[in-house]
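To keep things clear, I will list the structure first and then write my remarks on it.
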Amino acid sequence: MRMLLCLLLFAQLSYAEQPVARVNGVEIGVLRLERYFSDYLQAQGRALTSIRNPTLYKRLRDQALDELIDKELLWQEARRQGIEISDAQVQAQVAAVEAAFASPALFERRLQEAGFDRPGFADYTRHELAAQQAYARLTVIAEPSAAEIAAFHQANGQALQAKQNQSDNTSVSTEHGLRLARDALVAQLQAQARQAARQRLRDWATVERAD
């Protein structure tokens, strides 16, 4: 659900306003950040009015801006890779977003609030889907080998044992432990791939933040 709502809130609009950041020359404006910041807090179960500590407010707002910068970098990477999204894919995604609202009228009102008409939102959706494909390509990992899984299982035996159901059948218990080890190792590799992809995009980019 959050992903669907984000499609409405990440408005890529041109405003006569002071940018909060530039990513390879592309501006991220104050309004774009404020729209995303509201959704960012909602996803964490926070309300803007509940944040009374200025230091906490700044930290959370900076984290939201970091996400927007990464999103812009992914859009640019998708263009660099030449990723193309079909009209059918765009139409299906727009229909899914609209279906999340109680009525077509509410959807239209939310589009207007975000600064979109339907063609503009379809174009934005095309960019969003392309960015997701770019991210998937950047973070693909190879399936770990049996030897790697066994080594991971041996090195993390105690932590895995806490998750493993006890069994009198040693062969079943060992098999279950290896499945847990495989899942944990894949999760670790995926996390490392996401961090490495983010770092590579940042290393190649020129990112300027407003003071």
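The values are calculated or read from the model by the stated rules, or taken from the named source; none is laboratory data. A quick note: this is a predicted structure, and the numbers were derived from the prediction, not measured. Every residue, glycine among them, receives a Cβ derived from its backbone with ideal geometry; neighbour counts consider all protein chains shown.
Any idea which of (1) free of Cβ contacts under 8 Å to residues at least 40 places away in the same chain; (2) closer than 30 Å to Arg179 by Cβ; (3) surrounded by 10 or more Cβ atoms within 10 Å (Cβ to Cβ) is the one Phe107 doesn't satisfy?
The single condition Phe107 does not satisfy is (2).
Using beta carbons and a limit of 8 Å, which pairs, at least six apart or on different chains, have the first residue in the range 30-46 and assigned to a helix (DSSP H, G or I) and among the hydrophobic types (A, V, I, L, M, F, W, C) and the second one crowded, with 16+ Cβ neighbours inside 10 Å and modelled with pLDDT under 80?
Leu31/Ala11
Provide a single number: the residues in the range 1-20 that are at pLDDT 80 or above and in contact with a Leu (Cβ under 6 Å, 6 or more places away or on another chain).
So in the range 1-20, the residues at pLDDT 80 or above come out as 19-20.
The next check asks that each one be in contact with a Leu (Cβ under 6 Å, 6 or more places away or on another chain); those that pass are 20.
Selection size over the range 1-20: 1.
Can you give me the ranges of the helices (runs of 4 or more DSSP H) entirely in the range 112-211 with at least 2 residues that are outside the structural domain of Arg32 (by TED's automatic domain parsing), modelled with pLDDT of 90 or more and within 23 Å of Glu27 (Cβ to Cβ)? So that I can check it myself, show each step before the final result.
Numbers: elements: 118-138, 146-155, 157-163, 170-204.
So the answer is 170-204.
Going residue by residue through the range 76-94, is there one that turns out to be under 20 Å from Gly120 (Cα atoms), modelled with pLDDT under 80 and either surrounded by 14 or more Cβ atoms within 10 Å (Cβ to Cβ) or touching a Phe, Trp or Tyr at 6+ places or on another chain (Cβ under 7 Å) (or both)?
Filtering the range 76-94 for residues under 20 Å from Gly120 (Cα atoms) gives 76, 78-79, 83-94.
So of that shortlist, the ones also modelled with pLDDT under 80 come out as none.
Looking through the range 76-94, none of the residues is under 20 Å from Gly120 (Cα atoms), modelled with pLDDT under 80 and either surrounded by 14 or more Cβ atoms within 10 Å (Cβ to Cβ) or touching a Phe, Trp or Tyr at 6+ places or on another chain (Cβ under 7 Å) (or both).
Being among the hydrophobic types (A, V, I, L, M, F, W, C) and over 22 Å from the mean Cα position of the chain (by Cα) narrows it down to one of Ala96, Ala151, Ala100, so name that one.
Numbers: Ala96 fails: over 22 Å from the mean Cα position of the chain (by Cα); Ala100 fails: over 22 Å from the mean Cα position of the chain (by Cα).
Matching residue, one of Ala96, Ala151, Ala100: Ala151.
Just the residues that are surrounded by 13 or more Cβ atoms within 10 Å (Cβ to Cβ) and out of contact with any helix residue (DSSP H, G or I) (no Cβ under 7 Å at 6 or more places or on another chain), please, taken from the range 125-136. Quick ask: steps written out before the conclusion?
Initially, the range 125-136 is screened for residues surrounded by 13 or more Cβ atoms within 10 Å (Cβ to Cβ), giving 125-135.
Across the range 125-136, the qualifying residue is only Gln132.
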